[in-house]
Amino acid sequence: MLEMNQKNAPAAPTVSRPKFRIPEIPVLGQYTATQLIDAVYRAVVDEATTIEFYTRLLRDAPDERAMEYLSDIIEEEKNHLTAFTKLYVHFTDMVPHYKVAPVQYSSYADGLLKAFDGELKAVDFYKETQLSTTDALTQETYYFAMVDELEHADMFGLLYGMAT
């Protein structure tokens, strides 16, 4: 009896589902091993450069509140540098060697704007890298750094508003 009901039941209607493609966004796994190592190395250099830059901004800070905010950001950037360095060593068994090219700025306010722009560029780079690998350790490292960079961009916007 059950078989008859199944045979006599009308066929379920087929549903046509559109295929979604998200343009311009990398899909997990697009980076080769070499590209991934290059991205980690770039993150190491960028974080070291950022620490040097923000340390100079800290010396130019006009008040205790700005100094406190900048000090907190610098500490988080140091954590990122440590994490990316460990990731680089994990992949290569080598300590990365690099030179920092100081970021030039004409005033404290100009430095804050450059820092703001740099943080947003870091967010884009970290997001692209995170989405371009299936390696969980890399994804997590870039994700946590990306979230911090978003917070730093907000902080630099606030500091710029206070400075102008």
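The values are calculated or read from the model by the stated rules, or taken from the named source; none is laboratory data. Since the structure is predicted, the reported quantities are computational estimates derived from the model, not experimental observations. Glycine also receives a Cβ, built like all others from the backbone with ideal geometry; neighbour counts cover every protein chain displayed.
Assorted remarks:
- If you check GLU149, GLU128, GLU64 for being out of contact with any strand residue (DSSP E or B) (no Cβ under 7 Å at 6 or more places or on another chain) and surrounded by fewer than 14 Cβ atoms within 10 Å (Cβ to Cβ), only one passes: GLU64.
- THR85 being closer than 23 Å to ALA136 by Cβ, modelled with pLDDT of 95 or more, polar (S, T, N, Q) and not in a loop (DSSP other than H, G, I, E, B): yes
- In this structure, HIS80 qualifies as within 24 Å of GLN30 (Cα to Cα), buried (at least 18 other Cβ atoms within 10 Å of the Cβ) and out of contact with any Cys (no Cβ under 8 Å at 6 or more places or on another chain).
- For region 69-77, the criterion of a residue being part of a loop (DSSP other than H, G, I, E, B), of a type outside the set (Val, Ile, Thr) and touching a residue at least 24 places away in the same chain (Cβ under 8 Å) is satisfied by no position.
- Residues in region 132-150 that are touching a helix residue (DSSP H, G or I) at 6+ places or on another chain (Cβ under 8 Å) and either of a type in the set (D, E, K, R) or outside any helix (DSSP H, G or I) (or both): SER132, THR133, ASP135, ASP148, GLU149.
- Residue check, ASP72 modelled with pLDDT of 95 or more, among the acidic types (Asp, Glu), under 19 Å from ASP148 (Cα atoms) and more than 17 Å from the chain's Cα centre (by Cα): yes
- Check on ASP154, within 30 Å of THR32 (Cβ to Cβ), without any contact (Cβ under 8 Å) to a residue 60 or more places away in the chain and either among the β-branched types (Val, Ile, Thr) or surrounded by fewer than 17 Cβ atoms within 10 Å (Cβ to Cβ) (or both): no
- Residue list for region 118-139, filter: closer than 18 Å to VAL103 by Cα and touching a residue at least 40 places away in the same chain (Cβ under 8 Å): GLY118, ALA122
- LEU58 in a helix (DSSP H, G or I), under 17 Å from ALA163 (Cβ atoms) and free of Cβ contacts under 8 Å to residues at least 24 places away in the same chain: yes
- Number of the condition not met by ARG65 [criteria: (1) in contact (Cβ under 8 Å) with a residue 40 or more places away in the chain; (2) in contact with a Leu (Cβ under 8 Å, 6 or more places away or on another chain)]: (2)
- Within region 91-105, the presence of a residue that is assigned to a helix (DSSP H, G or I) and modelled with pLDDT of 95 or more is excluded.
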